[in-house]
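All remarks here apply to the structure that follows.
The values are calculated or read from the model by the stated rules, or taken from the named source; none is laboratory data. The shown structure was predicted, so the numbers you read here are calculated from the model rather than taken from an experiment. Note that each Cβ is placed from the backbone with ideal geometry, even for glycine, and that neighbours are counted across all protein chains shown.
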């Protein structure tokens with residue numbers, strides 16, 4: 001059986017979408033290259049093991065959200081706009097999925113009349129959001145990469 005990809009199954013763990021996981025893997029490559037070099041999409045795809053066509057869409061969304069810059073040409077590629085210490089996982093997740101942790105629950109699936117369930121859901125969302133808001137992209141880069149402290 002090969003390695004799991006995307007959302008873990010049966011773990012009971014709240015996990016971002018597969019699209020956000022791919023974006024995180026791409027950001028690991030971009031964070032390691034920051035600030036010195038732009039990285040070609042093909043190199044990001046190979047290093048992060050993200051399908052190139054899917055990566056192209058993700059990089060476009062990240063560019064639209066102001067997280068990456070791109071330059072065409074032989075010396076072109078993609079790079080983070082800001083120091084990876086200053087970009088949080090929550091910011092990336094909002095750019096990619098439109099929400100930090102949980103997809104909005106459809107109104108017909110809300111558990112009205114069960115305040116303990118709503119309270120538990122609120123607590124889980126708050127804890128997960130706090131972790132994502134306090135974790136930066138720099139923490140994704142390999143340990144061997146030089147990291148700068150936020151200014």
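One line per residue, one yes/no per condition, for (1) touching a residue at least 60 places away in the same chain (Cβ under 8 Å); (2) surrounded by fewer than 21 Cβ atoms within 10 Å (Cβ to Cβ):
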{"site": "31", "(1), (2)": "yes, no"}
{"site": "35", "(1), (2)": "no, yes"}
{"site": "38", "(1), (2)": "no, yes"}
{"site": "43", "(1), (2)": "no, yes"}
{"site": "57", "(1), (2)": "no, yes"}
{"site": "62", "(1), (2)": "no, no"}
{"site": "69", "(1), (2)": "no, yes"}
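Which residue pairs have Cβ atoms closer than 6 Å, lie 6 or more positions apart in sequence or on different chains, and pair a first residue in the stretch 77-89 that is touching a residue at least 60 places away in the same chain (Cβ under 8 Å) and on the phi < 0 side of the Ramachandran plot with a second residue that is surrounded by fewer than 22 Cβ atoms within 10 Å (Cβ to Cβ) and in a loop (DSSP other than H, G, I, E, B)?
85/150; 86/150; 89/135
Keeping to the stretch 100-129, report how many residues are within 22 Å of residue 23 (Cβ to Cβ), at pLDDT below 75 and either in contact with a helix residue (DSSP H, G or I) (Cβ under 7 Å, 6 or more places away or on another chain) or assigned to a helix (DSSP H, G or I) (or both).
Number of matching residues: 3.
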